[in-house]
Amino acid sequence: MILVLEPDAPQELVESLCRDVESLGVTCEVSRGPREVIIALPPTVDSVELQKLMEERREVDVIPILTEPEYVRQRGRRKFMRSLLAGLGLLSGVAAGIPVVGFLLPPRKQLSQPNRVLGGRVWQLSRNETKLVRLRGKPVLVINDEFGNYHAVSALCTHMNVCQLEWDPSRRLLACPCHDGAFDVHGNVVAGPPPTPLQTFEVEVQGDEIYISREG
Amino acid sequence: MRSKRHGVRRTLWRAMQQPVSPRQAGMMRFVWLLILLFAVQIVTGILLSLYYQPSPESAYESVVFILRDVSFGWLLRGVHYWSAQLMIALGMLQVIRAFYAGMYKGPGRIHWYIGMLLFLSILAFALTGSLLAWDQTAYWGAVGAMEWVEAIPVVGTMMALVLRGGHQVGAATLGRFYSIHILLLPWITFYLLLAHLWLQSRIRAEQVPMTPKEK
């Protein structure tokens with residue numbers, strides 16, 4: 001323990017402090033420096049009693065001097081707390097970074113559902129046959145008509161927008177099983193209640209691959 | 001330019017390093033919380049602007065896209081929205097505190113005025129930002145707010161015209177509010193904040209004497 005006072009502390013104050021300290025049964029060693037006055041006390045002093053004595057004296061700072069094992073113990077604890085704090089900081093940094101990186105990546109829906117998909121191979125689709133594919137999550141019928149021309153139209157009847165059209169090979173029409181609507185290969189309404197033609201898509205044949213695409 | 005940036009950094013550094021008395025500490029706690037929230041707003045705002053499209057045809061669609069399709073879009077939009085709400089609440093509390101501490105009087109009252117301007121800029125952020133969602137609430141909120149502006153004597157009609165870009169809230173208003181929200185206000189707020197912190201370290205530190213133990 002040491003007691004620290006202002007450098008200009010009066011002699012009477014120092015003497016009265018020494019009397020207090022000696023009442024605890026230890027010797028009083030005073031050293032005056034240019035920046036402070038220090039009263040050094042041996043480690044045997046009763047620190048609780050000393051704190052009690054000095055409580056009233058606002059002009060004195062009581063500073064404990066640590067024994068070496070205590071100092072080593074505290075240093076270890078500080079080190080542990082520091083690395084714990086750094087670890088937690090790193091963890092929360094990563095936790096905040098994951099949403100940001102996820103946000104920056106283009107949405108999955110855009111990546112996995114391009115505006116152009118492989119609609120099938122030429123040898124999979126003989127004349128007067130159709131194949132169902134999906135473009136951006138919507139069903140699309142690829143049609144090979146009786147003349148060998150390819151068409152691609154939306155497979156959802158425009159009447160209720162829920163019923164899926166089926167190819168009727170004898171009538172060469174797309175028929176809706178719900179309310180007897182019918183469309184030709186270009187998507188035009190030929191029978192039944194549908195109010196508008198079907199959405200059509202571009203068809204491109206490259207080698208034996210049939211691609212369908214939509215704008216935008 | 002270099003020296004200016006240095007000045008900005010020095011002001012911030014000094015404000016952060018300065019010892020504060022217990023009396024000041026309560027006030028400064030809210031100021032630093034507001035600065036933290038402002039930083040959060042800048043980060044989330046920049047991220048949201050990557051997907052947001054400020055045109056009447058696509059504004060609402062792009063907000064829905066952010067909420068539904070972009071990963072963590074709901075989270076970043078939510079953080080942006082809720083920290084804005086929190087900033088308004090904290091700003092109000094700070095104004096009330098400063099008022100009861102009598103900061104509007106004395107030689108340091110310029111500090112109070114800048115604080116009030118900062119609070120007004122928070123409200124301006126909220127007003128311009130709320131229109132950007134471009135749904136019914138946003139639209140009619142802006143229509144109502146512009147009628148308030150029109151009620152200001154003498155200059156009200158002109159101010160409303162400038163802000164709206166016309167007689168009705170429409171495409172021009174959306175563009176203007178967007179520009180004010182992401183370009184004008186952030187910089188105004190930033191420099192007001194710097195002035196606020198600089199005055200904090202200059203004026204308030206002298207006004208509130210510290211006890212010998214704090215020295």
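Any read-out appearing in this document is the output of simple, stated calculations on the displayed coordinates, not a laboratory observation. In this text, all values refer to a predicted model and were calculated from it rather than measured experimentally. When we count neighbours, we look across all protein chains shown, and the Cβ atoms used for this are built from the backbone with ideal geometry, even at glycine.
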If you plug each phi of the stretch B:45-57 into the Karplus form 6.51 cos²θ - 1.76 cosθ + 1.60 with θ = phi - 60°, what whole-Hz ³J(HN,Hα) values come out, in order, with x for Gly and Pro?
x, 4, 5, 5, 5, 5, 10, 6, 10, x, 10, x, 6
Over chain A, with a Gaussian network built from C-alpha contacts below 10 Å, which listed residue (A:D184, A:D46, A:D145) shows the highest mean-square fluctuation?
A:D46
Between the stretch B:32-103 and the stretch A:125-185, the alpha-carbon center distance in angstrom:
48 Å
Only loop residues by DSSP count here, and only those with at most 11 other Cβ atoms within 10 Å; note down the trypsin sites (Lys or Arg not before Pro) in the stretch A:1-58 that meet that.
A:R35, A:R58
Step through the residues of the stretch A:17-30 one at a time and calculate ³J(HN,Hα) from phi using the Karplus curve (6.51 cos²θ - 1.76 cosθ + 1.60, θ = phi - 60°), rounding each to whole Hz and writing x for Gly and Pro.
5, 4, 4, 4, 5, 5, 5, 8, x, 10, 7, 10, 10, 9
Would you calculate the separation in nanometres between label points at B:V8 and B:M28, each defined as 7 Å from the Cα along the Cα-to-beta-carbon direction?
2.3 nm
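On full extension of the chain, what length is gained from B:F99 through B:I35, given 0.36 nm per residue of separation minus the C-alpha to C-alpha distance?
On the way: separation 64, 0.36 × 64 = 23.04 nm, distance 2.00 nm.
That pair, B:F99 and B:I35, stretches by 21.0 nm at full extension.
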How much length would be gained if the chain were fully extended between A:E59 and A:M81, taking 0.36 nm per residue of separation minus their Cα-Cα distance, in nm to one decimal?
4.6 nm
Given labels modelled 7 Å from the Cα in the Cβ direction, how far is it in nm from A:V26 to B:A172?
8.3 nm
Read phi for every residue in the stretch B:91-108 and hand back ³J(HN,Hα) as whole Hz from Karplus 6.51 cos²θ - 1.76 cosθ + 1.60, θ = phi - 60°, with x for Gly and Pro.
x, 4, 4, 5, 5, 4, 4, 4, 5, 6, 7, x, 6, 7, 10, x, x, x
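Shape call for chain B from the C-alpha gyration tensor, a ≥ b ≥ c root eigenvalues: rounded (a/c under 1.5), prolate (a/b greater than b/c) or oblate? Intermediate values should be presented prior to the final figure.
Working: a/c = 2.33, a/b = 1.69, b/c = 1.38.
It comes out prolate by the Cα gyration axes.
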Dipole-positive endmost among B:A172, B:L132, B:W148 within the stretch B:24-207 (Cβ charges, Cα centre)
B:W148
What is the spin-label model distance, in nm, from B:W187 to B:V162 if the labels are put 7 Å beyond Cα along the C-beta direction?
1.6 nm
Among B:A98, B:A172, B:A145, which one moves the most in a GNM of chain B with springs linking Cα atoms closer than 10 Å?
B:A145
Looking only at B:M16, B:M146, B:M87, which one moves most when chain B is put into a Gaussian network model with springs between Cα atoms under 10 Å?
B:M16
Structure-based [θ]222 nm, the protein assembly as shown - -39500 (n - 2.57) summed over DSSP H runs of at least 4, per residue, nearest 500:
-16500 deg cm²/dmol
